[in-house]
Amino acid sequence: MVINGFMKKVFSLIIIAVLYVSQTAFLLKQPLAQNAVMEKAAEKVLKKQILAEAAWAMEQQPITVTAAFCTRSAGGKHDFFSEADYFWPDPENPNGPYINRDGMTNPDNFVEHRKAMIRFSKIIGALASAYKITGDEKYVKQAVIHLKTWFISAETLMNPNLLYAQAVKGKFTGRNYGIIDSIHLMEVAQGVIIMESAMDAETIAGVKKWFAEYTDWLMTSKPGIEEKLTKNNHSTCWSMQVASFAKLCNNEVVLDSMRMRYKMVLLPNQMGADGSFPLEMSRTKPYGYAIFNLDAMATLCQILSTPDDNLWNFETSDGKSIKKGINYIYPFIADKSKWPLKPDVMYWDNWPVAQPFLLFGANAYNEKNWFSTWKKLDHNPQVEEVIRNLPVRHPLIWM
């Protein structure tokens, strides 16, 4: 009887140990726990806007890249096409190759596919946000219609590559820099994560297949590799997209590689000792680009952080961190008149808006001043250039 009692204790301890290890392994794969108070406060700020946007989205019919075609595109009707924003006709050779004017947007370039993608992102972001706060599956059913049209229907789907993005007349049929255009698919992917439990298996499988193929193209194609190896916000946005899409597809190997890339490449190589981004600060629109890159890095932290690997708390050996980046730029968000450089050559008056780094940072560090500033800024910008550089417009689905 003594032996039996002893063995029972041993078996009990083994079972407890197994359960502990299993639970720990499960928790390490989970997203970082969020600040519930901060999330509820954000929901209170955004709820009226979310429900209004969702009501609009419920009335929209799908529009994909097949709805518009540009004769200057080297691709087909299912291929995304756009033209580089800062390239213009050469006054000395009007019919020749376009020339670069950094920071100056050419309003005559073809951007209809980008507009369609942004519209798609707005629709799914709004529907997913409304579903999250109401639980009403009508929003999911509407989202499925758009998802099938973009990713599954043979007649209307977009091919999973960006071979023809940000082309330059007379020079390039497409450039790696155009990959940044698809940052607006991130809220689509995140919206699917939010609504997945209420979706049919066929739609989920089709959407994940598309994103898996696109992620593979981003990581293995010549343009994708070139974009990865850029030095500024383009590299950050490449990583942000790959992380977002890998999260949807449950690709832990890729997610781990993006965590390592953030810690070993992006943060140490792009951030200055003071928390600024020197490569962005040297541009003709340093204010807008610094904000944009910080948004992208903060979103990476939001996507990738787990209890076991919290990027919000990561710091390089020489003291660089996402918190240092926010601390650097925040005074110029709270009071733009303190900005030490010349005003941006375009859109100076349109920044800042309700930047996601403010909310995500406030959530991570319980910084109430950052939240208060975010709360007061514009949550529904209408300027196209601002929207183009604001991939996270529905932050509740990321929390």
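The values are calculated or read from the model by the stated rules, or taken from the named source; none is laboratory data. Not measured: the values here are computed from a predicted model. Glycine gets a Cβ as well: all are built from the backbone with ideal geometry, and neighbour counts include every protein chain shown. The accessibility values were calculated without ligands, DNA or RNA, using every heavy atom of the protein model including side chains. Shrake-Rupley method; radii C 1.70, N 1.55, O 1.52, S 1.80 Å.
Restricted to segment 76-95, and to residues that are within 10 Å of HIS113 (Cβ to Cβ) and in contact with a Leu (Cβ under 8 Å, 6 or more places away or on another chain), which residue is most open to solvent (accessible area, probe 1.4 Å)? Among residues in segment 76-95 that are within 10 Å of HIS113 (Cβ to Cβ) and in contact with a Leu (Cβ under 8 Å, 6 or more places away or on another chain), the one most open to solvent (accessible area, probe 1.4 Å) is ASP79.
When LEU311, LEU341 are checked against the criterion of being among the hydrophobic types (A, V, I, L, M, F, W, C), touching a helix residue (DSSP H, G or I) at 6+ places or on another chain (Cβ under 6 Å) and open to solvent by 60 Å² or more (accessible area, probe 1.4 Å), LEU341 stands alone in meeting it.
Scanning segment 272-283 for residues that are in contact with a Phe, Trp or Tyr (Cβ under 9 Å, 6 or more places away or on another chain) and either part of a helix (DSSP H, G or I) or more than 16 Å from HIS234 (Cβ to Cβ) (or both) returns GLY272, ASP274, GLY275, SER276, LEU279, GLU280, MET281. Within the bounds of segment 124-141, is there any residue that is touching a Ser or Thr at 6+ places or on another chain (Cβ under 9 Å) and within 25 Å of GLY224 (Cβ to Cβ)? Looking through segment 124-141, none of the residues is touching a Ser or Thr at 6+ places or on another chain (Cβ under 9 Å) and within 25 Å of GLY224 (Cβ to Cβ).
In this entry, PRO356 is excluded by the filter for residues that are at pLDDT below 95 and surrounded by 14 or more Cβ atoms within 10 Å (Cβ to Cβ).
Consider only pairs whose beta carbons are under 9 Å apart and that are at least six residues apart or on different chains; among these, list those whose first residue lies in segment 77-101 and is touching a residue at least 24 places away in the same chain (Cβ under 8 Å) and whose second residue is part of a strand (DSSP E or B) and acidic (Asp, Glu). Filtered contacts from segment 77-101: GLY96/ASP90; PRO97/ASP90; TYR98/GLU83; TYR98/ASP90.
Restricting the search to segment 339-365, which residues are aliphatic (A, V, I, L, M) and in contact with a Pro (Cβ under 7 Å, 6 or more places away or on another chain)? Even if it seems obvious, please write down each step before you answer.
In the first step, residues of segment 339-365 are kept if they are aliphatic (A, V, I, L, M); the result is 341, 345-346, 353-354, 358-359, 362, 364.
Hits for segment 339-365 are LEU341, VAL353, LEU359.
Touching a residue at least 24 places away in the same chain (Cβ under 8 Å), surrounded by fewer than 20 Cβ atoms within 10 Å (Cβ to Cβ) and assigned to a helix (DSSP H, G or I): does that describe LYS231? Steps first, please.
On the way: touching a residue at least 24 places away in the same chain (Cβ under 8 Å): yes; surrounded by fewer than 20 Cβ atoms within 10 Å (Cβ to Cβ): yes; assigned to a helix (DSSP H, G or I): no.
No; evaluated as a whole, the condition is false for this residue.
Scanning for something touching a strand residue (DSSP E or B) at 6+ places or on another chain (Cβ under 6 Å) and either at pLDDT below 95 or crowded, with 19+ Cβ neighbours inside 10 Å (or both), does segment 38-55 turn up at least one residue? For segment 38-55, residues touching a strand residue (DSSP E or B) at 6+ places or on another chain (Cβ under 6 Å) and either at pLDDT below 95 or crowded, with 19+ Cβ neighbours inside 10 Å (or both): absent. Screening segment 31-89 for residues that are within 21 Å of the chain's Cα centre (by Cα) and of a type in the set (Ser, Thr, Tyr) and picking the one that is nearest to PRO395 (Cα to Cα) gives THR64. Scanning segment 133-140 finds one or more residues that are free of Cβ contacts under 8 Å to residues at least 40 places away in the same chain and of a type in the set (Gly, Ala, Ser).
Scanning segment 208-228 for residues that are within 21 Å of MET297 (Cα to Cα) and surrounded by fewer than 17 Cβ atoms within 10 Å (Cβ to Cβ) returns MET219, ILE225, GLU226.
Have a look at ILE322, ILE329 and point out the one that is surrounded by 15 or more Cβ atoms within 10 Å (Cβ to Cβ), over 23 Å from ILE397 (Cα atoms) and at pLDDT 95 or above.
Details: ILE322 fails: over 23 Å from ILE397 (Cα atoms).
Result: ILE329 is the single residue among ILE322, ILE329 that is surrounded by 15 or more Cβ atoms within 10 Å (Cβ to Cβ), over 23 Å from ILE397 (Cα atoms) and at pLDDT 95 or above.
For GLY178, state whether it is modelled with pLDDT under 95, within 22 Å of LYS228 (Cα to Cα) and part of a helix (DSSP H, G or I). Here the answer is yes, as GLY178 does meet what is asked.
Checking each residue in segment 238-285 for being open to solvent by less than 30 Å² (accessible area, probe 1.4 Å) and touching a residue at least 60 places away in the same chain (Cβ under 8 Å) picks out SER239, MET240, GLN241, ALA243, PHE245, LYS285. When segment 96-109 is limited to residues that are at pLDDT 80 or above and in contact with a strand residue (DSSP E or B) (Cβ under 6 Å, 6 or more places away or on another chain), the one that is surrounded by the fewest Cβ atoms within 10 Å (Cβ to Cβ) turns out to be ASN100. Quick check, is GLU112 farther than 14 Å from LYS169 by Cα, open to solvent by 20 Å² or more (accessible area, probe 1.4 Å) and touching a residue at least 40 places away in the same chain (Cβ under 8 Å)? In short, yes. For segment 156-199, a tally of residues being more than 30 Å from GLU137 (Cβ to Cβ), among the hydroxyl-bearing types (Ser, Thr, Tyr) and in contact with a helix residue (DSSP H, G or I) (Cβ under 7 Å, 6 or more places away or on another chain) returns 1.
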